[in-house]
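Visitor: Just passing along the structure, written as structure tokens.
The values are calculated or read from the model by the stated rules, or taken from the named source; none is laboratory data. Since we're looking at a predicted model, the values are computed, not measured. Quick reminder, even Gly has a Cβ in these numbers, built from the backbone with ideal geometry, and neighbours come from all protein chains shown.
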Amino acid sequence: MQLRNEKAETSTEKAFFQYQKWLWEQYLTYLDKCVMSLSDADANTQVLAFRSLMKCVSLEGKINGDEHTFGVHTYARILRALIIHDRPSKELKRTFENEFLLVFSDIQYHTVSGYGNAWNGMEFLR
């Protein structure tokens, strides 16, 4: 996301920029917590965190004013977390594959194009 001009002139513009910056930091903190929850011992927590993250990926284009933009950076973080996760639950694997990977061509594209080599050797879906 691009933040508004830091060289705001009026006090209202400065306050708006400060609020926007704070809100973006809260969003990033939320993403961090969801990514960490992908490795939670509870399968329901893993699936809930994953679905929440994927919703963020789908909305990031709208946040930036382009609803056709894919949240590439957030999706890359999700994939990295899934690749290094030593014991994802069967429910998480099933959710990833059936609700996203097999359904959306942009997910397929960004999964293979960004992580083709890692994906080929990955045990995640096995």
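Residue by residue, here is whether (1) out of contact with any Asp or Glu (no Cβ under 9 Å at 6 or more places or on another chain); (2) closer than 15 Å to Ser39 by Cβ; (3) assigned to a helix (DSSP H, G or I); (4) free of Cβ contacts under 8 Å to residues at least 24 places away in the same chain holds:
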residue: Cys56; (1), (2), (3), (4): yes, no, yes, no
residue: Gly61; (1), (2), (3), (4): no, no, yes, yes
residue: Thr74; (1), (2), (3), (4): no, no, yes, no
residue: Ile78; (1), (2), (3), (4): yes, yes, yes, no
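Visitor: For residues that are assigned to a helix (DSSP H, G or I) and in contact with a helix residue (DSSP H, G or I) (Cβ under 7 Å, 6 or more places away or on another chain), scanning just the range 83-107, find the one that is modelled with the lowest pLDDT. Talk me through it step by step, then tell me what you get.
Guide: Taking the range 83-107 first, the residues assigned to a helix (DSSP H, G or I) are 83-84, 90-101, 105-107.
Subset that is in contact with a helix residue (DSSP H, G or I) (Cβ under 7 Å, 6 or more places away or on another chain): 83, 91-92, 95-96, 100-101, 107.
Details: Ile83: 85, Glu91: 96, Leu92: 95, Thr95: 96, Phe96: 94, Phe100: 94, Leu101: 91, Ile107: 89.
Filtering the range 83-107 for residues that are assigned to a helix (DSSP H, G or I) and in contact with a helix residue (DSSP H, G or I) (Cβ under 7 Å, 6 or more places away or on another chain), the one modelled with the lowest pLDDT comes out as Ile83.
Visitor: Mind telling me which of the residues Ala41, Ala8 ends up being modelled with pLDDT of 90 or more, surrounded by fewer than 16 Cβ atoms within 10 Å (Cβ to Cβ), not in a helix (DSSP H, G or I) and not β-branched (Val, Ile, Thr)?
Guide: Testing whether each residue is modelled with pLDDT of 90 or more, surrounded by fewer than 16 Cβ atoms within 10 Å (Cβ to Cβ), not in a helix (DSSP H, G or I) and not β-branched (Val, Ile, Thr) leaves just Ala41.
Visitor: Another one. Evaluate the range 65-75: report whether one residue or more is modelled with pLDDT under 90, on the phi > 0 side of the Ramachandran plot and either exposed (fewer than 15 other Cβ atoms within 10 Å of the Cβ) or not hydroxyl-bearing (Ser, Thr, Tyr) (or both).
Guide: Yes, the range 65-75 contains at least one residue that is modelled with pLDDT under 90, on the phi > 0 side of the Ramachandran plot and either exposed (fewer than 15 other Cβ atoms within 10 Å of the Cβ) or not hydroxyl-bearing (Ser, Thr, Tyr) (or both).
Visitor: Please specify each residue of the range 75-105 satisfying the condition of being hydroxyl-bearing (Ser, Thr, Tyr) and within 12 Å of Val47 (Cα to Cα).
Guide: Passing the criteria: Ser89, Thr95.
Visitor: Take the conditions modelled with pLDDT of 95 or more, polar (S, T, N, Q) and in a helix (DSSP H, G or I) and apply them to Gln46. Does it pass?
Guide: Judged against the criteria, Gln46 is a match.
Visitor: Within the bounds of the range 53-64, is there any residue that is surrounded by 12 or more Cβ atoms within 10 Å (Cβ to Cβ), modelled with pLDDT of 90 or more and over 26 Å from Trp24 (Cβ atoms)?
Guide: Looking through the range 53-64, none of the residues is surrounded by 12 or more Cβ atoms within 10 Å (Cβ to Cβ), modelled with pLDDT of 90 or more and over 26 Å from Trp24 (Cβ atoms).
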